[in-house]
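Report on one structure; see the data block that follows.
Here, each number is a calculation from the coordinates, and none is a lab measurement. Since the structure is predicted, the reported quantities are computational estimates derived from the model, not experimental observations. Glycine gets a Cβ as well: all are built from the backbone with ideal geometry, and neighbour counts include every protein chain shown.
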């Protein structure tokens, strides 16, 4: 039992000290595919009704400038409407039965009604996005999730980076 506890503690500290943070993004419908060219312009219209302190708009503008877009405010080739819906922590707990494990690993002792709880904590960030061009409009909702809980700022940074990478991947260059 002590060895298992020590292994769990070691894994926890290893995860806390890791420089990279695992996060993923899921969409609620089909992806967005936009054929674009270098030196086209894009305008970002950002709303944050959740009033979170965020650098998402700044990161998006910087990323698109790195990709060769001109970031302007009016008469752009593309208008990206972005709504930061939510950023919050969730918890999920489930009772796990361990009676069968006791049967196989306790030398066929009497089976007690032992159980353990599986608890998962994670942060999500949800963003709705609509991208308009002169010929088409496409929209989706992105939900980024990470299980890193030690530092709220690092968690938010990881989620924002994942969303920026996902939005920039919508654009395909000739």
### Query
Each label point is 7 Å from the Cα along the Cα-to-Cβ direction; what then is the distance between the points at residue 94 and residue 33, in nm?
3.4 nm
### Relative packing of peptides 158-169, 58-69 - highest average C-beta neighbours within 10 Å first
158-169, 58-69
